[in-house]
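Working notes for the structure below.
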Amino acid sequence: MKTFLVPAALLLACPLPPPAQASGAYITEVVTIPSGGLKLRGLLARPPGDGPFPVYIQNHGSMTIEEAQRSPWTSIARDSLSDTLARNGYVVLLLARRGYKGSEGAAFTYTQNAASPGDRDRRVADVMRGAEEETGDVIAALDYLGGLPYVDKERVGVGGVSLGGLVSVMATARDPRFKALISMAGGYRQSAYRGVDEAWGPLQGIWEESARRIQVPVLMLWSKNDMLLERDVGRELEKDL
């Protein structure tokens, strides 16, 4: 089994010079990725040379509509996870899924506050449906990367933070071409009504179904003081795996 050595770091994005910029150890460029009838935005970093290089797809978490509509990524933050991997010989794709950061379409996964129990119930179903659609975006990115001559198609990993971790789990379960998975506080939490988190049941169902399908190494990372997603969310996936 080939080994992925992946350091934990916080992914940040800073608006710097335009695409196709050399950054010492790697080159970045803005790319367009087809997903169904949509065009997705991505920032691709690759080492110089012919490769083939291993690949990591980085998935962002949920954002408010205002955050999602801000300028697309054009650079990679120094010492972030993506920067570290690119400097160590990985091709890295920062994927903006539908409705985020310059990608076409609308998302059902934007961060928002539900106003009533009925809205909460509806929103859980919408978020899960949106996560399924965005999982398709991640697989479309995998198809795109597979067509690049410098990519090692047998060494592709995927990961993400929060909702991006959930989508990464779902993508790995759906497509066996992914060879490694990183879930950083991956999952989704609904605001509890009368002490009940309505998202817990659907999320458990996704964990159980994904665990039956995933056959690759998985790394789960969690903060002790995470205020949004309790570690039990990660422990549940660990137990199922």
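The values are calculated or read from the model by the stated rules, or taken from the named source; none is laboratory data. Keep in mind the model is a prediction, meaning the values are calculated, not measured. Heads up: the accessible areas ignore ligands, DNA and RNA and are worked out on the full protein's heavy atoms, side chains in. Shrake-Rupley method; radii C 1.70, N 1.55, O 1.52, S 1.80 Å.
Here are a few things to note about the model shown:
- Surface analysis of segment 162-241 yields an accessible area of 52 Å² per residue, using protein heavy atoms and a 1.4 Å probe.
- Anchor K39: lysines whose Cα lies under 29 Å away (excluding residues fewer than 8 positions away in-chain): K101, K153, K179
- Under 21 Å of direct C-alpha separation, and excluding same-chain neighbours fewer than eight residues apart, K224 reaches these lysines: K239.
- Segment 173-235, Cα convex hull volume normalised per residue, Å³: 83
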